[in-house]
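Working notes, structure below.
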Amino acid sequence: MMREDDVKKIVGDLYEPFLQKPLKELAAVKDVKVKPEKQHVSVKVALAKTGSAEQMQLQQEIVTRLKEAGAETVGLRFEELPEEIVVKYAQSAPEGDRTLLNKENQPVFLAVASGKGGVGKSTVSVNLAVSLARIGKKVGLIDADIYGFSVPDMMGITVRPTIEGEKVIPVERFGVKVISMGFFVEDNAPVIWRGPMLGKMLNNFFNEVEWGDVDYIILDLPPGTGDVALDVHSMLPSCKEIIVSTPHPTAAFVAARAGAMALQTDHDIVGIVENMAYYESAKTGEKEYVFGKGGGEKLAEELGVPLLGKIPLKQPDWDDSDFAPSVYDETHPTGLIYMDIAKKIDESISI
Ligand SMILES: Nc1ncnc2c1ncn2[C@@H]1O[C@H](COP(=O)(O)OP(=O)(O)O)[C@@H](O)[C@H]1O
Ligand SMILES: [Mg+2]
């Protein structure tokens, strides 16, 4: 049985990545809570810089250590250390690390989640990323669906990333920097790595990829609420989430579990995207609610977040000269809906 003091000790002994001091010395371990009945541990950690790759790495370390010590689930929040502390210790920090204290250029992590597969999570991730780039944002896209990666095919990416020095240079497509497990496996071989490898891979996506200056990092999460999805949720830095659901009320129930998981891992939910919301007849313009109706609204209400938009059932226009089977053009009716959603998201997250 874990106690709050154990959590303080385990986390407090880890080093703050920028200042190179144990967290306890910086009084950076806060709000420790243990829910004994579930062995759910929540803790807030203060860092010199949040939303960074270093945070990601530390986050993973904390989750691993706490799980080893018996925690079933871990909720982590991060905040920034007070200025005085940072200034005081930054002077003694190694030279090379000081530039990382630069508070600019912190991307917003925006994870796209769903209760189950097949609802269009990857399609939404890809088109949101492209639309955010279209409104002038600098965007990275991580295909974190490590076993079911699909982003490279959906975007019509035919090249692989290059390596420069020690860093992987992501592939750029429609102004979005993309990284996917799909780039690192042989042609369509199944990925059978589990557990710790998954964490390592994700970590590499953050630390060994040269993202450069990005405003947003979109993450296409594994579907569902199983172990893999939970691990990925726990590993991510404090991030924002979008939940994708189809309009059927039962689909919304399932999606609500993804929402609950986001909240349990202390992620903010930005809103809901209802996909495959209706089919619009090309002849009459009439809408048919093929997969039911009202699920998006219901889910939004249940989670207390906005319904950001409804995407109809419709394919992108295919263009053989520049093939990207899942990307809607800027002028396609669905492309316009995605632009609207991207603007709403960007407005709700001030960066
Ligand atoms: N709004 C839509 N209209 C038509 N087809 C769609 C739509 N959204 C997704 N699809 C198709 O449905 C399938 C599942 O979508 P995908 O994004 O791969 O789902 P997930 O990532 O949730 O498993 C894909 O073949 C995709 O092209
Ligand atoms: Mg997918």
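The values are calculated or read from the model by the stated rules, or taken from the named source; none is laboratory data. Computed from a predicted model, the values in this text were never measured in an experiment. Cβ sites come from the backbone with ideal geometry, for glycine too, and all protein chains shown count toward neighbours.
Quick notes on this structure:
- Residue list for the range 307-330, filter: within 17 Å of LEU132 (Cβ to Cβ) and in a loop (DSSP other than H, G, I, E, B): ALA324, SER326, VAL327, TYR328, ASP329, GLU330
- Looking only at residues of the range 109-129 that are of a type outside the set (A, V, I, L, M) and more than 6 Å from ligand 1 (Cβ to nearest atom), we find that the one that is nearest to VAL254 (Cα to Cα) is GLY115.
- Hits in the range 272-292 - residues which are among the hydrophobic types (A, V, I, L, M, F, W, C) and under 13 Å from THR334 (Cβ atoms): VAL273, MET276, ALA277
- Some residue of the range 86-98 being more than 22 Å from the chain's Cα centre (by Cα), modelled with pLDDT of 85 or more and aliphatic (A, V, I, L, M): no
- Residue count for the range 137-175 satisfying the condition of being among the hydroxyl-bearing types (Ser, Thr, Tyr) and under 22 Å from TYR328 (Cα atoms): 2.
- Answer from GLY295, GLY259 - the residue that is more than 18 Å from the chain's Cα centre (by Cα) and in contact (Cβ under 8 Å) with a residue 40 or more places away in the chain: GLY295
- Residue-level check: of (1) at pLDDT 85 or above; (2) more than 13 Å from ligand 1 (Cβ to nearest atom); (3) not basic (Lys, Arg), PHE149 misses just (2).
- Test result for LEU23, modelled with pLDDT of 90 or more and surrounded by 12 or more Cβ atoms within 10 Å (Cβ to Cβ): yes
- Residue that is surrounded by 15 or more Cβ atoms within 10 Å (Cβ to Cβ), under 17 Å from the mean Cα position of the chain (by Cα) and in a helix (DSSP H, G or I), where the choices are ALA342, ALA251: ALA342
- Meeting the requirement of 2 or more residues that are under 21 Å from ASN275 (Cα atoms) and within 16 Å of ligand 2 (Cβ to nearest atom), the strands (runs of 3 or more DSSP E) wholly within the range 122-178 are 139-143.
- Selection of first residues in the range 211-227 that are on the phi > 0 side of the Ramachandran plot and of second residues that are within 13 Å of ligand 1 (Cβ to nearest atom) and not acidic (Asp, Glu), restricted to Cβ pairs under 6 Å at least 6 apart or on distinct chains, gives the following pairs, ordered by first then second residue: GLY224/LYS116.
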